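Worksheet for the structure shown next.
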Amino acid sequence: MIIYGWNNKTIKQAPLENMACDNCQEQNLFLTIYSKYVHIFWIPLFPFKKSALMHCGHCQKATEEKQMTPDFKEKIKQLKNSVSTPKYLYSGLIIIVLAIGYFSFAGSQAKKMEQAFLEEPMEGDIYKNIDKTEETTYKYYLWKVAKVENDSVFVSPSSYSYDGIPTKLEPEDGFYNFSYAIHKNELRDMYEKGEVKKILRDYDGESTGFNRVVAYPSPVTTDSIQ
Ligand SMILES: [Zn+2]
């Protein structure tokens, strides 16, 4: 649940000289200028409006801006323009901008690394792929590079398909103990087309199960049917 709303922050408070309260006639008036701001989880996101409130220190009568005379309103408007909004009322916005910047930087670094992996495939690289022609939700499958010979990359397929990009294999799954050749250019094409979603190197083979090898079920032969 995202908690958000708006709040007020006093940005300036000053006594009003030579002015009497229209209620008690005392010269004890204060003007408060505050900024309304939007917050998200109580972190100020951005300010959106400055308002003024006149307040009598003697009888406590408060006068909102809309109740003030046009002349006085004009004066207040100038005053409001002269006080600046504290920068921290933009904290949330700054955090969001920095976070977006960070994630897009991290994303572009990850892309650069994957480009390098595509240029120089290595034994053990994991390719996380999507089969867009698969009609069920189990569209995701993995390849593990078994060996590289010139421009041929030999890959072993994962024994199972997944309904999301897997970060680890199910306990009973692994990579089959056979491989077939894919041309380096084809891998690059698949990456460009988004059929290769992610490429991993230097992963934890134990906890992910990416080191697990499973035997391909031997085909049923006429001999075994007898
Ligand atoms: Zn008063």
So if we plug the beta-carbon distance of LYS112 and GLN13 into 1/(1 + (r/R0)^6) with R0 = 45 Å, what FRET efficiency do we get, rounded to 0.05? 0.30
Here the membrane-span-like helices of the chain, with no claim about any membrane, defined by DSSP H, Cα axial extent at least 20 Å and mean Kyte-Doolittle at least 0.5, are 91-119
Is the stretch 120-225 rounded, prolate or oblate when judged by the Cα gyration tensor, a ≥ b ≥ c being the square roots of its eigenvalues, rounded requiring a/c under 1.5 and prolate requiring a/b larger than b/c? rounded
Can you give the FRET efficiency for GLU149 and ALA215, using 1/(1 + (r/R0)^6), R0 = 22 Å, r = Cβ-Cβ distance, to the nearest 0.05? 0.40
With each pseudo-label sitting 7 Å past Cα toward Cβ, what's the ALA181-ALA99 distance in nm, one decimal? 4.9 nm
For the chain, what is the accessible area per residue in Å² when the probe is 1.4 Å? 66 Å²
When you count, for each residue, the other Cβ atoms within 10 Å and take the mean per peptide, how do 102-113, 146-157 rank with the highest first? 146-157, 102-113
Can you give me the three principal axis dimensions of the chain from its C-alpha atoms, in Å, biggest first? 111, 39, 31
Run the simple label-point estimate for SER207 and LYS66 please: 7 Å along Cα→C-beta, distance reported in nm. 5.8 nm
Value of relative contact order over the stretch 102-215, rounded to a whole percent, pairs C-alpha under 8 Å and six or more apart: 27 percent
Work out the FRET efficiency for LYS168 and ASP131 from their Cβ-Cβ distance, taking R0 = 22 Å, and round it to the nearest 0.05. 0.65
The stretch 93-162, accessible surface, carbon-and-sulfur percent (1.4 angstrom probe): 63 percent
Just subtract the alpha-carbon distance of ASP189 and SER82 from 0.36 nm times their residue separation and send over the number in nm, one decimal. 32.6 nm
So how far, in whole Å, is the C-alpha centre of the stretch 147-226 from the one of the stretch 74-114? 44 Å
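The values are calculated or read from the model by the stated rules, or taken from the named source; none is laboratory data. Owing to the predicted nature of the structure, the values given are computational and were not obtained by experimental measurement. Don't worry about glycine lacking a Cβ; one is built from the backbone with ideal geometry, like all the others, and counts go over all protein chains shown. To get the accessible areas, we keep the full protein, side chains included, count just its heavy atoms, and leave off ligands, DNA and RNA. Shrake-Rupley method; radii C 1.70, N 1.55, O 1.52, S 1.80 Å.
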